[in-house]
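Beneath this line is the structure, given in structure tokens, with notes to follow.
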Amino acid sequence: MKLAEAAFFTPDVEGMTAFYRALLGAAPMAKSADMAIFMAGQTKVFIHRTYQPEEGGLPPENHLAFAVPDVDGACAGMAAAGIPVERVPQDYYWGRSAYLRAPDGMLIELIQEAG
């Protein structure tokens with residue numbers, strides 16, 4: 001596994017963008033009124049405006065995303081290790097992902113590597 005993304009949800013996209021621009025010393029690689037994406041080495045720092053989730057939709061929660069070669073296989077391994085998968089693997093516009101929670105409640109995304 002490799003850390004692919006750190007996602008931050010905030011009502012202050014502009015403030016967070018200015019902070020990460022100063023911290024990382026670089027402009028975002030993508031930006032809109034609702035989001036900004038920076039690169040820190042091989043890891044995306046994704047800033048997204050907080051939103052009201054649709055019924056059954058993904059929650060706007062800060063999370064870490066780890067890239068795996070096979071998200072379905074990784075989830076089977078997590079379940080075998082006694083780690084419950086909160087959202088089973090699904091295809092999204094950004095790729096195939098699944099979600100679980102760390103013991104402290106933090107949302108963790110497993111995303112299938114492209115290719």
**Request:** Determine the pairs where a residue that is within 17 Å of residue 70 (Cα to Cα), located within the range 80-108, has a partner that is among the small types (Gly, Ala, Ser) and at pLDDT below 95 with Cβ atoms under 7 Å apart, the partner being 6 or more residues away or on another chain.
**Result:** 85/79; 95/114; 108/102
**Asked** Considering only residues of the range 37-70 that are in contact (Cβ under 8 Å) with a residue 60 or more places away in the chain and out of contact with any Phe, Trp or Tyr (no Cβ under 9 Å at 6 or more places or on another chain), which is farthest from residue 95 (Cα to Cα)?
**Response** 64
**Fill in**
When the range 76-115 is checked residue by residue, the ones that are at positive phi and assigned to a helix (DSSP H, G or I) are none
**Complete:** Of the residues in the range 64-115, those that are surrounded by 13 or more Cβ atoms within 10 Å (Cβ to Cβ), over 10 Å from the mean Cα position of the chain (by Cα) and among the charged types (D, E, K, R) come to 70, 72, 87, 96, 101, 113
**Message:** residue 13 - would you say it is under 19 Å from residue 107 (Cα atoms) and touching an Asp or Glu at 6+ places or on another chain (Cβ under 9 Å)?
**Reply:** no
**Request:** Kindly provide the set of residues from the range 15-48 that are surrounded by 13 or more Cβ atoms within 10 Å (Cβ to Cβ), charged (D, E, K, R) and within 16 Å of the chain's Cα centre (by Cα), ordered by number.
**Result:** 44
**Prompt:** How about the range 1-28: which of its residues are closer than 25 Å to residue 69 by Cα and either at pLDDT 95 or above or hydrophobic (A, V, I, L, M, F, W, C) (or both)?
**Reply:** 1, 3, 4, 5, 6, 7, 8
**Request:** Working carefully through the options 61, 55, find the one that is in a loop (DSSP other than H, G, I, E, B), among the acidic types (Asp, Glu) and within 15 Å of the chain's Cα centre (by Cα).
**Result:** 61
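The values are calculated or read from the model by the stated rules, or taken from the named source; none is laboratory data. Since the model is a prediction, treat every value here as computed from it, not as a measurement. Quick reminder, even Gly has a Cβ in these numbers, built from the backbone with ideal geometry, and neighbours come from all protein chains shown.
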